[in-house]
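Notes follow the structure.
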Amino acid sequence: MTQAQSSTDATEDGTTPYAGAASGARARFTAGFLRWWRPRGMWRRGLVTAAFAVALALVLFLHSDVPNRIGNLGSLLETFLPWFGLAVPVLLAVALIRRSATALIAVLLPAVVWLNLFGGLLGTKSAAGGDLTVLTHNVNAQNPDPDGTARDLVAAGADIVALEELPESQQRRYAKDLAAAYRYHSVQGTVGLWSKYPLHGVRPVDIRMGWTRAMRAAVSTPHGQVAVYVAHLPSVRVKFDAGFTAGQRDRAAGALGQAIAHEPLQSVVLLGDLNGTMNDRALASVTAQMRSTQGAAGDGFGFSWPASFPMARIDQILVKGVEPKSSWTLPKTGSDHLPVAARLQLP
């Protein structure tokens, strides 16, 4: 290459045309990025999104302060409280689209509160061991296949099985289907208990409904006696003119809590359809004195209802004086509820 050729390949400032083009491209990219993300505008944009995020955080953080005086709004909110977390990724996406630093920071608030409330349910807490397996299932009075449901329950291999919503017309049918696997059983009203171990002190429990939907029995296991309660609390409804109609459920929960509080045995297990979640403050008379096996040793939320698309865990296994080792839901039967089971370690 000659001296003349070398000079024609350079610009007046000493850079080559290629280097100048690259430098110009970088400058144009930087200018474009700054126009896209204006330092001043990014704090002004997305204020509505940020307001929604703060409001969501307040609802999650102060859910126990939402009053029940008007249509039991607080209990309704707490029943489906975990699902409010779905709003977090939506708000995050809006904040990114709007390129709003204010909204992005605000979205962190509900995310942190939700993780504080429910983050512990996302991991695996189940452990090996345990010496008693219990199962509870609302079999649904309109179950089109009670025999198939009974076979599914036997196949689960639990030591103790509690059934709720047992219509009188099907009680003998379930007793016959379960007899080979469970030598001992008792039905009180519309709830029943089947056990591989002897039952003692069987009696109905008055939960102020006018008919029997709860019972108590002492089960003599190889590791000692366990008081087992089976309960089906009244259903709740969401009505336009009345809100979350849960008054009868709440009164029944109070009576059930009193009965369990006066139980003389140290090891207590509650099996049943409580028509409420562990977050529902209306069940505090029960949940304040007992642990959820799903919360202590389950994987995930363990939603049990409705069976076609579970959205809430209203079928509960609660314990006192017993150590949960694992907890899980079973596959769908002919009922509109999923069966739930747990493995327990007796003292």
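Test of understanding: among Leu265, Leu344, Leu330, which residue is buried (at least 20 other Cβ atoms within 10 Å of the Cβ) and either in contact with a strand residue (DSSP E or B) (Cβ under 6 Å, 6 or more places away or on another chain) or in the same structural domain as Gln142 (by TED's automatic domain parsing) (or both)?
Every option except Leu344 fails the conditions.
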### Query
Any residue in region 135-152 that is within 20 Å of Ala296 (Cβ to Cβ) and surrounded by 14 or more Cβ atoms within 10 Å (Cβ to Cβ)?
yes
### Query
Somewhere in region 67-89, is a residue touching a Pro at 6+ places or on another chain (Cβ under 8 Å), of a type in the set (A, V, I, L, M, F, W, C) and under 30 Å from Val191 (Cα atoms)?
yes
### Query
Within the group Arg281, Arg313, which residue is within 19 Å of the chain's Cα centre (by Cα) and over 30 Å from Asn143 (Cβ atoms)?
Arg281
### Per-region count, region 150-160, residues part of a loop (DSSP other than H, G, I, E, B) and hydrophobic (A, V, I, L, M, F, W, C)
1
### Query
So which residues in region 59-76 are among the aliphatic types (A, V, I, L, M) and loosely packed, with under 14 Cβ neighbours inside 10 Å?
Leu62, Ile70
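Here's the yes/no breakdown for (1) touching a Lys or Arg at 6+ places or on another chain (Cβ under 8 Å); (2) crowded, with 19+ Cβ neighbours inside 10 Å; (3) within 26 Å of Leu132 (Cα to Cα):
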| residue | (1), (2), (3) |
| --- | --- |
| Ala180 | no, no, yes |
| Gly201 | yes, no, yes |
| Asp206 | no, no, no |
| Met215 | yes, yes, yes |
| Ala227 | yes, yes, yes |
## Note on the structure
Picking from Ser267, Ser292, Ser304, the residue that is in contact (Cβ under 8 Å) with a residue 24 or more places away in the chain, farther than 21 Å from Ala218 by Cα and either among the hydroxyl-bearing types (Ser, Thr, Tyr) or touching a Lys or Arg at 6+ places or on another chain (Cβ under 7 Å) (or both) would be Ser304
#### Entry: Gly257 surrounded by fewer than 21 Cβ atoms within 10 Å (Cβ to Cβ), touching a residue at least 24 places away in the same chain (Cβ under 8 Å), part of a helix (DSSP H, G or I) and of a type outside the set (Phe, Trp, Tyr)
yes
### Selection within region 206-222 - part of a loop (DSSP other than H, G, I, E, B), farther than 14 Å from Gln258 by Cα and at pLDDT 95 or above
Thr212, Arg213, Pro222
### Task
Working only within region 99-134, note down all residues that are touching a strand residue (DSSP E or B) at 6+ places or on another chain (Cβ under 9 Å), crowded, with 17+ Cβ neighbours inside 10 Å and at pLDDT 95 or above.
Gly130, Leu132, Thr133, Val134
#### Entry: Candidates Leu271, Leu338, filtered to the one that is in a loop (DSSP other than H, G, I, E, B) and within 26 Å of Ala128 (Cα to Cα)
Leu338
### Query
In this structure, does Asp250 turn out to be of a type in the set (D, E, K, R) and either more than 30 Å from the chain's Cα centre (by Cα) or at pLDDT 95 or above (or both)?
no
### Query
Is it true that Asp147 is touching a Pro at 6+ places or on another chain (Cβ under 8 Å), in the same structural domain as Gly321 (by TED's automatic domain parsing) and in a helix (DSSP H, G or I)?
no
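The values are calculated or read from the model by the stated rules, or taken from the named source; none is laboratory data. What you are looking at is a predicted structure, and each value in this text was computed from that prediction instead of being measured. Glycine gets a Cβ as well: all are built from the backbone with ideal geometry, and neighbour counts include every protein chain shown.
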